[in-house]
Amino acid sequence: MKKIFITFDDGPNEFTLKNLETLKSFGAQATFFVCGKNCLKFPQILIKILKEGHSIGNHSFSHSIKSFFNFKNEIEKTNQIIKKIAKVNTKLFRPPYGILPPWLKCYLLKNGYKIILWDLDSKDWKGKISNKIFGNIPSNSILLFHDRPLTSLVLPKILENFQRKGFVFQKI
């Protein structure tokens, strides 16, 4: 069985709902790396992600480069928010921008976190989806998307492409 892991960063937000709808129509599971500040703004969407069988990871509180100066607080604050709203503990972590200085990696590993990066960046954050997303992707690849308007519009085409190639979509 060929598997692919679809991941979304920066939510939850209003575009998460459209992505959830699309995932449901394909019977697809995904992992959402959420920001604490957005969980506070959209708590019901955070709960909906879990109710629909997806997994949640921590993506810091503010998604700011400045957060690296106070990374422990950014991570732990977000975990507390997720636990309070969604009643789950997560040990999945994706650093903002994929920046993983040695001291952050050390902290995460020491505290039992599983660091999740990606194999292929859709580049949706640039306002255009990379053509590589439609190419030959190896099984077990982790694809990076964001909860953004463009992604929610193109996601059905992307999932259809992978489904046609025999992939199943799983969460991390």
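Looking at 133, 158, can you tell me which residue is modelled with pLDDT under 95, surrounded by 18 or more Cβ atoms within 10 Å (Cβ to Cβ) and in a helix (DSSP H, G or I)? Lay out the reasoning, then the answer.
On the way: 158 fails: modelled with pLDDT under 95.
From the options 133, 158, the qualifying one is 133.
Per-residue answers, yes or no, for (1) closer than 21 Å to residue 48 by Cβ; (2) surrounded by 18 or more Cβ atoms within 10 Å (Cβ to Cβ); (3) modelled with pLDDT of 95 or more:
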{"position": "83", "(1), (2), (3)": "yes, no, yes"}
{"position": "90", "(1), (2), (3)": "yes, yes, yes"}
{"position": "93", "(1), (2), (3)": "no, yes, yes"}
{"position": "129", "(1), (2), (3)": "no, yes, no"}
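Which one of these is buried (at least 19 other Cβ atoms within 10 Å of the Cβ) and modelled with pLDDT of 95 or more: 112, 57, 53? Give the steps one after another, and end with the answer.
Details: 112 fails: buried (at least 19 other Cβ atoms within 10 Å of the Cβ); 53 fails: buried (at least 19 other Cβ atoms within 10 Å of the Cβ).
Every option except 57 fails the conditions.
Would you be able to say whether some residue in segment 115-127 is crowded, with 16+ Cβ neighbours inside 10 Å, β-branched (Val, Ile, Thr), in a helix (DSSP H, G or I) and out of contact with any His (no Cβ under 9 Å at 6 or more places or on another chain)?
no
Tell me which residues, restricted to segment 161-172, are in a helix (DSSP H, G or I) and either closer than 24 Å to residue 98 by Cα or touching a residue at least 40 places away in the same chain (Cβ under 8 Å) (or both). Break it down into steps so the answer makes sense when it comes.
Just the residues of segment 161-172 that are in a helix (DSSP H, G or I), to begin with: 161-164.
Correct list: 162, 163.
Looking only at segment 136-155, how many residues end up being on the phi < 0 side of the Ramachandran plot, assigned to a loop (DSSP other than H, G, I, E, B) and within 16 Å of the chain's Cα centre (by Cα)?
Initial filter on segment 136-155 (on the phi < 0 side of the Ramachandran plot): 136-139, 141-155.
Okay, now just the ones that are also assigned to a loop (DSSP other than H, G, I, E, B), so 136-139, 147-148.
Subset that is within 16 Å of the chain's Cα centre (by Cα): 147-148.
So the count comes out to 2.
The values are calculated or read from the model by the stated rules, or taken from the named source; none is laboratory data. It should be emphasised that the depicted structure is a prediction, and the values quoted were computed from it without experimental measurement. So basically every Cβ, Gly included, is an ideal-geometry build from the backbone, and we count neighbours across all protein chains shown.
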